[in-house]
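The values are calculated or read from the model by the stated rules, or taken from the named source; none is laboratory data. Quantities reported herein were computed from a predicted structural model and do not represent experimental measurements. Neighbour counts run over all protein chains shown; Cβ positions are idealised from the backbone, glycine included.
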């Protein structure tokens, strides 16, 4: 089993990047391309030139309207106003930090209330700045360097809007807008509840905001003007011109920024000494939301890699993929670990350490993508922000660990494990494995950089290393998912173990025997057995819950009992749904990694080739000139058993400012397998084409499992009935009203 397929390195084929000279037939109302020579200019440029010759005044008027802006001393109004807003927001953030800390230390609650209002003002300022940049992108204001780099005339409106996060400066602005939004939400929801802790949490949130605002004011200003103003822009990276990339970065940022909230409250708890459950209760839903968004972002990223990059896989252990995976792993460990603190008052130090490291991993991931030290299709190249991020990460980590050490005496004296044979032990083992995987990914990602710095030689750490270490650990982790719910808290008896483990063990053994009739691959057999064990555990837990509900309320239907289980204990049963989604995802990864069929072929028009159970007949080639690109398609009729079942059209797209074409893959997906076609080269007259064809089994189950994971996570986020434990924790968090009540508006 492997968690990825190696990125292919098959040799480039003659004429693979040459645009074909063809005269294809007209097809359904779309004009085709006819070129007289290889060096012909883009048809779009010809059309624009013709328009200028026919109606220069109209074109000039259009240019003025689309780039209309007022100017002061040659600088656009949007550029000046945006920069002023960012500087003002930075000043407001610094003021809010000072007001929060001084107000808390001096017990001047009017200062704290002023800091809360600063958070709201910060959100307003950053919102206006973001809207201004979107306006500049939509109206082609090429006097702003960011707009000129990331838009091109004729680009669809939705790609112009999403260009906000298509490059370095705009992505920082989106990050800061989300952080200011979350900070304002925290002030509204928690401002009156945890009065001692909140000012310090707000100070941490504003400190992170101040850092990102400083970055945008000094080295990476998204509103920086440029002279002279170009007549057209360069446009987005063609790899970003997909629907997946509209959502993928946004969900990742929502996850990254979301983990700032529990981190801020954890530091507030360390500073104030309020180390009980209140900071966990206050941030539990924020943590779940951050984990949910990050999970969705990673899944969309895998889908984007599979459908856009054109190499046949969905996860390559790319450094930036790892940058999002590491905080996800640490966040998963934290979500499981806080359950032990809530139930047993254990692992307080460990939980604080986990939430600190989770947030540090989000900053580290941001550093990787924006420092320029690694090469990745996801990274922002040629960036000089690495030193700023390293300094900020170092200072924040030093402060966090110092606060943790300072409170170490208060964190001692926690309850110990009653028995190694308990649910607490499985949670601890789960945490250890997740942390070990995180460290492995971290070392594998950074080793090439470290080796180059120390020895001057750049080495490569690829998928084989990561798979060799993480796959066995993933099996252990999956097994613990099935064992944990079957073992009692505190101490499990042998009778309990025999009663609970019988059915899952039989299910695992039976599945392994049946799978052995199909394959003798040991990784596959282990995967099937462990997945069956976990699935049986989940079914067993739901059965016990439904049986208990129906016994308490005779006559209750099974569906009604299931509904009651979810509404009464969303975290527990939503977690089981998440675990089932993980089972399906790992099953899809294991099967697609071990049983894929791959073939490279060269076919002529009318020829049929066989790959697996499929017969593919090459029908010919089409070429189209679109507004912002030119696309060449090759058409194949897919047959099975002598019957045509589909038509696939792998191709390549050519973009004006890019030297290399972009793959347009052809995919036919079914629950059993995917037929995946990558065009390598095509003759200029369309008479022959070279392709790479893969049959990837059970890839669809990766996406189905991912959807179930997100559904289960969403169930855990939705508020349910407050339990007695959460009510007590909320009461402790609020505490008695102080003599001087904190209000949002007005001062004493």
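Structure notes:
- Test result for residue 274, under 27 Å from residue 369 (Cα atoms), part of a loop (DSSP other than H, G, I, E, B) and modelled with pLDDT under 95: no
- When each of 250, 281 is tested for being assigned to a helix (DSSP H, G or I), modelled with pLDDT under 95, under 12 Å from residue 338 (Cβ atoms) and in contact with a helix residue (DSSP H, G or I) (Cβ under 9 Å, 6 or more places away or on another chain), the lone residue that passes is 281.
- Single unsatisfied condition, residue 492 versus (1) buried (at least 16 other Cβ atoms within 10 Å of the Cβ); (2) free of Cβ contacts under 8 Å to residues at least 12 places away in the same chain; (3) assigned to a loop (DSSP other than H, G, I, E, B): (2)
- Some residue of the range 640-648 being touching a residue at least 12 places away in the same chain (Cβ under 8 Å), surrounded by 15 or more Cβ atoms within 10 Å (Cβ to Cβ), outside any strand (DSSP E or B) and touching a strand residue (DSSP E or B) at 6+ places or on another chain (Cβ under 7 Å): no
- Scanning the range 336-350 for residues that are buried (at least 21 other Cβ atoms within 10 Å of the Cβ) and either outside any helix (DSSP H, G or I) or within 20 Å of the chain's Cα centre (by Cα) (or both) yields a single hit, 347.
So that you can scan it fast, the table gives a plain yes or no per residue for (1) at pLDDT 90 or above; (2) part of a helix (DSSP H, G or I):
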site: 529; (1), (2): yes, yes
site: 542; (1), (2): yes, yes
site: 547; (1), (2): no, yes
site: 554; (1), (2): no, no
site: 561; (1), (2): no, yes
site: 565; (1), (2): no, yes
site: 572; (1), (2): no, yes
site: 575; (1), (2): yes, yes
site: 578; (1), (2): yes, yes
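- Of all positions in the range 451-474, at least one carries a residue that is under 21 Å from residue 589 (Cβ atoms) and not in a helix (DSSP H, G or I).
One line per residue, one yes/no per condition, for (1) modelled with pLDDT of 50 or more; (2) surrounded by 12 or more Cβ atoms within 10 Å (Cβ to Cβ):
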site	(1), (2)
46	no, yes
59	no, yes
64	no, no
80	yes, yes
112	yes, yes
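- Against the list (1) at pLDDT 90 or above; (2) surrounded by 21 or more Cβ atoms within 10 Å (Cβ to Cβ); (3) within 19 Å of residue 310 (Cβ to Cβ), the condition residue 590 fails is (3).
- So residue 702, is it under 24 Å from residue 296 (Cα atoms) and either modelled with pLDDT under 90 or outside any strand (DSSP E or B) (or both): yes
- Residue 410 satisfies every condition listed in (1) surrounded by fewer than 17 Cβ atoms within 10 Å (Cβ to Cβ); (2) free of Cβ contacts under 8 Å to residues at least 24 places away in the same chain except (2).
- Test for residue 640: is it at pLDDT 90 or above and either outside the structural domain of residue 188 (by TED's automatic domain parsing) or farther than 30 Å from residue 116 by Cβ (or both): yes
- Condition met for residue 222 (assigned by TED's automatic domain parsing to the domain that holds residue 178 and assigned to a loop (DSSP other than H, G, I, E, B)): yes
- Restricting 482, 456, 462 to those that are out of contact with any helix residue (DSSP H, G or I) (no Cβ under 6 Å at 6 or more places or on another chain) and farther than 19 Å from residue 318 by Cα reduces the list to 456.
- From the list 598, 630, 673, the one residue that fits, being within 30 Å of residue 240 (Cβ to Cβ), modelled with pLDDT under 90 and either touching a strand residue (DSSP E or B) at 6+ places or on another chain (Cβ under 9 Å) or buried (at least 17 other Cβ atoms within 10 Å of the Cβ) (or both), is 630.
- The range 309-337: number of residues that are at pLDDT below 90 and either in contact with a helix residue (DSSP H, G or I) (Cβ under 6 Å, 6 or more places away or on another chain) or in the same structural domain as residue 664 (by TED's automatic domain parsing) (or both): 2
- Selection count, the range 181-198, where residues are surrounded by 24 or more Cβ atoms within 10 Å (Cβ to Cβ), in a helix (DSSP H, G or I) and modelled with pLDDT under 95: 1
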